[in-house]
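Engineer: Handing you this structure, nothing more for now.
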Amino acid sequence: MRHRSGFCCFVGRPNAGKSTLTNALVGAKIVITSEQPQTTRRAVRGIVNRPDAQLIIVDTPGLHRPRTLLGERLNDVVRATLADVDVIGFCVPADQKVGPGDRFIAAELAALNKPVIAVVTKTDIAKRDQIAAQLIAVSELGEFTDIVPVSASGGDQTDLLADLLVAQLPEGPPLYPDDVTTDEGVEARIADLIREAALDGVRDELPHSIAVTVEEMQPRDDALTFVYATLHLERSSQKGIVIGAKGARLKAIGTRARAGIEDLLGGRVHLDLHVAVEADWQRNPKKLDRLGF
């Protein structure tokens, strides 16, 4: 058996199911998910280890028409990733009609001269006739190596998708140890878990205005780790929403995030959250740099 190894990138408009699909293929939660668009803000690598292959999936932000400097930088992350992968998975949700954003992405992918597999996602929330119509609509967007409908939540046809992606990889040895599922740093994953908890239940412009940094981690001898983190917002008026009445919402964010962090670290965690205002950080290059974008 010849071993294959290489990189795949999932690309699509915001909220197309890329992160959920990445987690399903890897078999572990390495990327946070949310109903809010633009949840993913950097290229996150997840590693699928098989006897015949190592598939490294790069989950990217959704390609979109940017309204801020942050949006422009997220699009740059996607395009830089696309240039370096061996195969691309173009994700289009089954429950939403093909739109201008999908056509724009399809045109960009056609110019790359790379194998592209079209993935119709979220089939578990669409009817059969809706899925059939979407498969036809996607096929009209361009020439694809394959078109496959999948449900990441239900695990439907995810193994088939993995086989199709692996078939496009070059032959070669594994690039990572076989017990590694991601090369993401611990602090970055903790910051994402906190932001995932903070995104729950918020709407309008607030989801885009939340950034999280981990300021310090202090392991103790009694197997308790102290984690100090900051939620950065753009306006003072947003603090009340995040903190909530008598701090109730901030406490709920900490409770939810702490559970995920304890699973990640494999031990007890004391999570200390602070809320700060970084005025218009999405548009300020120096603040974006400081926040890691």
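The values are calculated or read from the model by the stated rules, or taken from the named source; none is laboratory data. Since this is a predicted model, take the numbers as computed values, not measurements. Because the Cβ atoms are built from the backbone with ideal geometry, glycine has one as well, and the counts that use them run over all protein chains shown.
Engineer: Would it be correct to say that D222 is out of contact with any strand residue (DSSP E or B) (no Cβ under 6 Å at 6 or more places or on another chain), surrounded by fewer than 17 Cβ atoms within 10 Å (Cβ to Cβ), at pLDDT below 95 and at negative phi?
Structural biologist: yes
Engineer: Going through the range 251-287 one residue at a time, which ones are buried (at least 19 other Cβ atoms within 10 Å of the Cβ) and assigned to a helix (DSSP H, G or I)?
Structural biologist: Passing the criteria: I253, G254, A257, R258, G260, I261, W281, Q282, K287.
Engineer: Somewhere in the range 230-241, is a residue out of contact with any helix residue (DSSP H, G or I) (no Cβ under 9 Å at 6 or more places or on another chain) and under 23 Å from T40 (Cβ atoms)?
Structural biologist: yes
Engineer: Shifting gears a bit: Being in a loop (DSSP other than H, G, I, E, B), closer than 24 Å to R189 by Cβ, among the hydrophobic types (A, V, I, L, M, F, W, C) and at pLDDT below 95 is the requirement here; does L63 meet it?
Structural biologist: Yes.
Engineer: Select from the range 83-123 the residues that are part of a loop (DSSP other than H, G, I, E, B), of a type in the set (S, T, N, Q) and within 27 Å of G155 (Cβ to Cβ) and list them in ascending order.
Structural biologist: Hit for the range 83-123 is Q96, nothing else.
Engineer: Right, another one. Would you mind telling me which numbered condition in (1) surrounded by 20 or more Cβ atoms within 10 Å (Cβ to Cβ); (2) assigned by TED's automatic domain parsing to the domain that holds V58; (3) without any contact (Cβ under 8 Å) to a residue 40 or more places away in the chain Q96 fails?
Structural biologist: (1)
Engineer: Quickly run through the range 6-31 and pick out the residues that are in a loop (DSSP other than H, G, I, E, B) and touching a strand residue (DSSP E or B) at 6+ places or on another chain (Cβ under 9 Å).
Structural biologist: Passing the criteria: G12, R13, N15, A16, G17, G27, A28, I30, V31.
Engineer: Give the residue, chosen from T145, T181, that is more than 19 Å from G12 (Cβ to Cβ) and surrounded by 14 or more Cβ atoms within 10 Å (Cβ to Cβ).
Structural biologist: Just a single option satisfies the conditions, and that option is T181.
Engineer: Which condition number in (1) buried (at least 18 other Cβ atoms within 10 Å of the Cβ); (2) assigned to a strand (DSSP E or B); (3) touching a Ser or Thr at 6+ places or on another chain (Cβ under 8 Å) is the one that L231 fails?
Structural biologist: Result: L231 passes all but (3).
Engineer: Another question about this same structure. Could you tell me which numbered condition K239 fails, if it satisfies all but one of (1) surrounded by 14 or more Cβ atoms within 10 Å (Cβ to Cβ); (2) without any contact (Cβ under 8 Å) to a residue 24 or more places away in the chain?
Structural biologist: (2)
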